[in-house]
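Values quoted throughout were computed directly from the atomic coordinates according to the rules given, and no laboratory measurement underlies them. Values in this document were obtained by computation on a predicted structure and should not be read as measured data. Methodologically, a virtual Cβ is constructed for each residue, glycine included, from the backbone with ideal geometry; neighbour enumeration extends over all protein chains shown.
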Amino acid sequence: MALTAYDLTGRTAFVTGAASGIGRATAALLARAGATVHCADVDEKGLHDTRTLITDAGGSARAHLADVGDSGRLREAVQAAGPLHIMAAVAGIMHSSPVLETREEDLDRVLAVNFKGVLHACQAAARSMIDAGVKGSIITMASGAVDAATPGLLCYSVSKAAVVQLTRTLAAELGPYAIRVNAVAPGWVRTAMTDRHDAELQQKAEAAMVRLSPLGRVGEPEDIAHAVLHLASDASSFTTGQILRPNGGVAMPW
Ligand SMILES: NC(=O)c1ccc[n+]([C@@H]2O[C@H](COP(=O)([O-])OP(=O)(O)OC[C@H]3O[C@@H](n4cnc5c(N)ncnc54)[C@H](O)[C@@H]3O)[C@@H](O)[C@H]2O)c1
């Protein structure tokens, strides 16, 4: 007898940050599971490559050039996708500076993408699901940074902590519509965001994370995509307001 809980055939998914890394792997996996996937990003070339990756594998994808910080443009793209079943709000940026050197514009820039961008995606998706009466699933992208106090990561970790609170609040508000809202908080994953552009530095950074992981490795985008698939699918039908931590068991002790 076939296992159907992970089958997304006939569902429409929207993935932000789909031009690279975790977003691209998520879009590709949701398409493999049968969903029609709408990909949004500010990177036109990366978006094109993701769409080609999906369609070449026999999947269904559309690309939307959209900045998640622009609520109007994002709403337009979500509306164009038709009734949504799944939103994966993955787009994000990194910023690193010590607290005493952090400028207001740094904080504003990071919050605009990492928090407001996720808020805009959640709002647009929730409106689409409520209007169409869809019992959908919204997945936000937090980070292991919310479980630690990492020097230099104030802006980033504050933005991700805000995503966690948004996720819980929205889960409470949307439960009566049977819409589920959960966050994924990955550990270190090999993507453009964690690429140190220097082999030695990269090895050092990854070795530090590997030492902290009982599994003895860093993450790959596909590890996180599978966590998103779980939350997007009927396999997690009784799960809402949760933070799933695919991080190789890293406890973030500092
Ligand atoms: N890589 C990691 O170790 C790691 C760990 C924890 C959380 N995350 C989170 O996972 C998400 C994806 O990160 P990644 O590692 O795949 O990085 P990435 O840099 O490979 O991908 C991020 C994508 O977001 C897009 N993006 C950035 N600003 C945007 C905007 N304003 N509007 C639309 N798209 C925009 C980028 O163009 C890019 O395609 C982020 O939210 C990140 O904070 C990553």
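Considered as a group, the residues in region 76-114 that are touching a His at 6+ places or on another chain (Cβ under 9 Å) and of a type in the set (D, E, K, R) include one that is nearest to ALA13 (Cα to Cα), and that residue is GLU76.
Being closer than 17 Å to VAL113 by Cα and of a type in the set (Phe, Trp, Tyr): is that true of TYR177 here? Answer is no for this residue.
Contact map, region 1-27: first residue on the phi > 0 side of the Ramachandran plot, second residue near the ligand (Cβ under 10 Å from one of its atoms) and among the polar types (S, T, N, Q), Cβ cut-off under 8 Å, separation 6 or more or different chains; pairs are GLY21/THR191. On inspection, ALA63 does not qualify as within 13 Å of the ligand (Cβ to nearest atom), among the aliphatic types (A, V, I, L, M), crowded, with 16+ Cβ neighbours inside 10 Å and within 15 Å of the chain's Cα centre (by Cα).
Can you find even one residue in region 128-140 that is among the hydroxyl-bearing types (Ser, Thr, Tyr), within 19 Å of THR240 (Cα to Cα) and within 12 Å of the ligand (Cβ to nearest atom)? Scanning region 128-140 turns up at least one residue that is among the hydroxyl-bearing types (Ser, Thr, Tyr), within 19 Å of THR240 (Cα to Cα) and within 12 Å of the ligand (Cβ to nearest atom). Here is a check on your reading of the model: is ALA235 closer than 24 Å to VAL15 by Cβ and part of a helix (DSSP H, G or I)? Taking the combined requirement at face value, the residue satisfies it. Within region 120-136, the set of residues being over 12 Å from ARG75 (Cβ atoms) and either within 15 Å of the chain's Cα centre (by Cα) or outside any helix (DSSP H, G or I) (or both) comprises GLY133, VAL134, LYS135, GLY136. Being farther than 16 Å from LEU231 by Cα, out of contact with any strand residue (DSSP E or B) (no Cβ under 9 Å at 6 or more places or on another chain), small (Gly, Ala, Ser) and part of a helix (DSSP H, G or I): is that true of ALA112 here? So ALA112 passes the test.
Counting residues in region 210-224 that are surrounded by 22 or more Cβ atoms within 10 Å (Cβ to Cβ), away from the ligand (no atom under 15 Å from the Cβ), under 17 Å from the mean Cα position of the chain (by Cα) and touching a residue at least 60 places away in the same chain (Cβ under 8 Å) gives zero. Annotation: GLY46 fulfils all but one of (1) more than 10 Å from the ligand (Cβ to nearest atom); (2) surrounded by fewer than 22 Cβ atoms within 10 Å (Cβ to Cβ); the unmet one is (1). When the residues of region 20-51 are narrowed to those that are assigned to a helix (DSSP H, G or I) and among the acidic types (Asp, Glu), which ends up nearest to ASP223 (Cα to Cα)? Here the residue is ASP49. Of the residues making up region 78-96, those that are under 19 Å from SER20 (Cα atoms) and either within 11 Å of the ligand (Cβ to nearest atom) or in a helix (DSSP H, G or I) (or both) are ALA88, ALA89, VAL90, ALA91, GLY92, ILE93, MET94, HIS95.
Conditions tested, residue by residue: (1) in contact (Cβ under 8 Å) with a residue 12 or more places away in the chain; (2) more than 21 Å from SER237 (Cα to Cα); (3) more than 16 Å from the ligand (Cβ to nearest atom).
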position: PRO98; (1), (2), (3): yes, yes, yes
position: GLU104; (1), (2), (3): no, yes, yes
position: PHE115; (1), (2), (3): yes, yes, no
position: VAL146; (1), (2), (3): yes, yes, no
position: TYR156; (1), (2), (3): yes, yes, no
position: ALA171; (1), (2), (3): yes, no, yes
position: VAL184; (1), (2), (3): yes, no, no
position: ARG196; (1), (2), (3): no, yes, no
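Going through (1) in a helix (DSSP H, G or I); (2) over 20 Å from ALA183 (Cα atoms); (3) not β-branched (Val, Ile, Thr) one by one, HIS64 falls short only on (1).
Is at least one residue of region 2-20 within 13 Å of the ligand (Cβ to nearest atom), surrounded by fewer than 24 Cβ atoms within 10 Å (Cβ to Cβ), closer than 20 Å to VAL68 by Cβ and not hydroxyl-bearing (Ser, Thr, Tyr)? Full working, then the answer.
Pass one, region 2-20, residues within 13 Å of the ligand (Cβ to nearest atom): 14-20.
Pick out the ones that are also surrounded by fewer than 24 Cβ atoms within 10 Å (Cβ to Cβ) and you get 20.
The next check asks that each one be closer than 20 Å to VAL68 by Cβ; those that pass are 20.
With not hydroxyl-bearing (Ser, Thr, Tyr) added as a condition, the list becomes none.
Among the residues of region 2-20, not one is within 13 Å of the ligand (Cβ to nearest atom), surrounded by fewer than 24 Cβ atoms within 10 Å (Cβ to Cβ), closer than 20 Å to VAL68 by Cβ and not hydroxyl-bearing (Ser, Thr, Tyr), which makes the answer no.
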